[in-house]
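> Quick one: the structure is below, and I'll ask about it shortly.
The values are calculated or read from the model by the stated rules, or taken from the named source; none is laboratory data. A quick note: this is a predicted structure, and the numbers were derived from the prediction, not measured. Here Cβ is always computed from backbone atoms with ideal geometry, including for glycine, and neighbour counts include all displayed protein chains. Surface areas here come from the heavy atoms of the whole protein model, side chains and all, with no ligands, DNA or RNA. Shrake-Rupley method; radii C 1.70, N 1.55, O 1.52, S 1.80 Å.
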Amino acid sequence: MHGGYEDGRAVNSNSMAQYGGSSTSSKGRVRKGLLGLTNLGNTCFMNSVLQCLSHTHGMQKYFRLCSHDYSAKGPSSRQRLLMSFAHWFERDWGTDVSALYHSPEDILRCVQQLNPIFQGYSQQDAQEFLRCVLDNMHEELRREVPDVAGLSFSGLRPRIEVGTSSSSASLPGPEGSNGASARPASASPSGSAARQLMQLCQTAEVDTDAGEIRLPTVRQAPGTGSETRTGSSDRGAPNATPNGEDTSSAASSSSGGQYSSPNGCAANASPTCSPIAPCGTGKATARTPRERQLGQDDENTAMSDAPRAIEKKPSEAGQQRPHYASIISELFEGHVVSAVRCLECQRTSRTTEPLYDVSVQIPNPSELSSSAPDLEREVSGRNLGFTNMLSSVAGKVKGLIYDKGVDITDCLRKFCAPEYLVGKEKYECEHCKRKTDGERRLVFKELPEVLCIHIKRFRYDSSWFNAQKNSRVVTFPVTKHLDMSPFLDEPPPHSVEYRLVGLIQHIGSMGGGHYVSYCQHKRKTQEWFEFDDLQVRAVSADVVEKAEPYVLFYQRLPSKAARAERQNFKTDRKKTEATIRDYLLSLPDPPPEKMIGNADGRNLGPALQKLYRNPPTCLDVVFVSKRWYVRLACMSEPGPIDNYEYICPHGLLGSAVLEAALEPFMPISRSRYEVLIATYGGGPMIRALDICPQCQRHLQVFNDRKQTEYELVTKYDTKTTGEGHGWYLVDAVWVNKWKRYVRSDPITEIHDISATAPGPVNNGRLLDKHGEPRSGLKLRIDYIGVNARVWWLFMHVHGGGPALCRQELDLYSEGHRLETELMLEELKLNGPHHHVARATSWEFVEQCKGDIEMFEQQYGRGRASPVATPSSPVEAFQS
């Protein structure tokens, strides 16, 4: 039976059970990072991944220090996943670690909701679980990041000082600018047509009627149901789906569960696991180009889609897309260059794609003995196939006698080795205007901070019964460093080295096996520990070297200067916090200890909150974000100081609550900040943490309008046309954005408004370039219908259009006149409810941002027609 680890000895799990997982050691010692994990029934695949992520320093430090980034979000499956990981990291690394083990039931439940393939007690694959977890955390944590090179900090308030050289651009606002008197519909979403009925205003099991929106009586997010995702090659740009989720990255779905239980394991089966085939609907992270061409687990899959995977039109390659980032992408994202050369015209096409892990094949002995092929040799489909057949036979015979295994660098060389596109896989050359023989190479353009190398040991030919495991020995450096410089597109000025911090090992065969993990402790980098579910024991580096690796975790090594800067920052931060505490205690009427709290921002007392809003000049302190500090402490290149991400357009902190505005920051000395700015750039310098009254007003009117809109839709929404006779059709994608918005919690950060608001109604997706309805659109999938009252409410609150009014609930039926007489009395600016009408109009909330004086100057007391805009014509649109 598995046991726990305590003080270097294996502890029997029976002695731990009586404490319910919260016992302390007999000597009272606290061991951080050494908690075992309960096996919940074939969940060793999950436990091995959780241990490796816990010992990825940047992950656990971010979740423990930057809770403000995720704790304020709404209750969704992804949000619960984040909170579950935060709970796990805190239990494993917190200041009061007293338990011997942890039960990750909450993490398992969240992942099962997000991806049904992990439901039940069947055998699962550790790498698939890793990808699923990282993908969903990235999607929940990602934020749009402005280009720091285009920012200017010169026009900010006196308390916000310039930290870098300014440019002609200004700080980005939380919203895009709108016209003075008209609000055009937003651009068409980049995602595909809606594939299911909108269900964001009710539980996932209840369908929405086509003729109404059906808001629930209680405003709470659905707590159950899976969030199935579809594939996409770009994790950076969001693609809207009908249920309001972004599909900018791929993940597994329930349709791919054909390999989930190869041995028919039941709930009472022993906790042994063997890897499964990946589901067929995509991956949890962006796959490498080679995986898209070869297939994730089938080494013999033909590269029939290679040209499509490589070729990109110049207009697409140069298209500007918003940049999104999260702690996941900052740690795990790298970029690979796929270069395809036509062997006739010698022209090369290059494509850069993101990757979050590297799936490498194990080369056979013949591939190791042969040198790189001559690029100028004659490439013939028949000759090449015959040569490969002979090499394969010779390699197998030789491997039976001389095979001594391969090194991980041999696997990387095979990943980057040239491949020839001949026969059915010929390259579609744009210059030659036909299919030609080609050569493809993969090289790394940018390497991640944490390099995950997945070794493709499992091969699935045509069915599960033909599956095989490649147990060939793969050696890897444990005490030495891994140099990735030879695999970069351009030779770096200095070597790019990584050290091993963790690995996942699969023991057994395809029919049954078990996962364990080995992790290097961050406090003592020479100590390795083996994590086998509940059992945790110290092992030597020699034991780790003999493991059969399945997934390897490598941490990029910082330079000596970066390590020195880390230490200087920590020393300065502690000194600054001590100086602040001494200052408060030296006051004539010093505050009690509980009024001070922790100066690092984890638990600020009222005295520190007051001081941070207006620090005395004698302290000479400035503030940097905790998020940037995590990057400095855990990454080789932290990037520019990101204070600009927290500053509102008025140069202050755009938060509705003082405590929320203070939490993301920590104080340091001004002298240290100036050194950091000179080294890393960024800014601006923040000398005081004061919230912006203008943004507070904007947040207040935004939240008030959202509540009023919810109440009005609840009042007037019906299953029929109501008091009118026409159906007003609305794009399904926009409706789902609106449902997420109206059900969201009150917004507390000004930068969250643009991400929450649905924007103007955009029916343009339903029409072709001639303004006619696109063919093949379906009710409940691409559009729904609302009555006249709800339509005019949408126009007043959000604007947009165009109006699509029909006699029947069918886009292709005969048009109907717009029933302007059914505009809501509550929304007439020149009526008795003009205060409500003004407070809910998009002009007042989005354009004037709650400024009554500005609104009256531009629009007066009322306006003639709140919906007569170029994007919402009064005339009915005829089919």
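> If you count only protein heavy atoms with a 1.4 Å probe, what accessible area per residue comes out for segment 463-615, rounded to a whole Å²?
51 Å²
> My understanding is that a pair violates if its Cα-Cα distance is over 24 Å; which of K32/K570; K414/K469; K522/K570; K414/K560; K469/K524 do that in this structure?
Values: K32/K570 20 Å; K414/K469 19 Å; K522/K570 17 Å; K414/K560 32 Å; K469/K524 35 Å.
Long pairs (Cα-Cα over 24 Å): K414/K560; K469/K524.
> R573: accessible area at probe 1.4 Å, nearest 10 Å²?
40 Å²
> Here's something else I'd like to know. Treat each spin label as a single point 7 Å out from the Cα along the C-beta direction, and report the E90 to S71 distance in nm.
In this crude spin-label approximation the distance works out to 0.6 nm.
> Gain in length, Q807 to R563, computed as 0.36 nm per residue apart minus the alpha-carbon separation, to one decimal in nm?
80.8 nm
> Say R0 is 60 Å: what FRET efficiency, to the nearest 0.05, do N830 and D407 get from their beta-carbon distance?
Working: r = 79 Å, r/R0 = 1.32.
Taking R0 as 60 Å, the efficiency between N830 and D407 is 0.15.
> Can you tally the net charge around H87? Count Lys and Arg as +1, Asp and Glu as -1, for every other residue whose Cβ sits under 13 Å from the Cβ of H87.
Details: positive: R64, R80, R91, R109; negative: E90, D92, E105, D106.
It works out to a net charge of 0.
> While we're here: Round to the nearest 0.05 the FRET efficiency obtained for S775 and R143 when R0 = 56 Å and r is the Cβ-Cβ distance.
The calculated FRET efficiency here is 0.90.
> Would you work out if segment 68-132 is rounded, prolate or oblate? Take a ≥ b ≥ c from the square roots of the eigenvalues of the alpha-carbon gyration tensor; rounded if a/c is under 1.5, else prolate when a/b is larger than b/c, oblate otherwise.
Taking the square roots of the gyration eigenvalues as a ≥ b ≥ c, segment 68-132 is oblate.
> Could you put K706, K469 in order of accessible surface area, largest first, with the 1.4 Å probe and the full protein assembly present?
The most accessible residue leads, giving K469, K706.
> Where does the charge balance sit around P758 when Lys and Arg score +1, Asp and Glu -1, over other residues with C-beta under 11 Å from its C-beta?
Neighbour charge sum, excluding P758 itself: +2.
> Put a dot 7 Å past each Cα toward the Cβ at K570 and E853; how far apart are the dots in nm?
About 5.1 nm, to one decimal.
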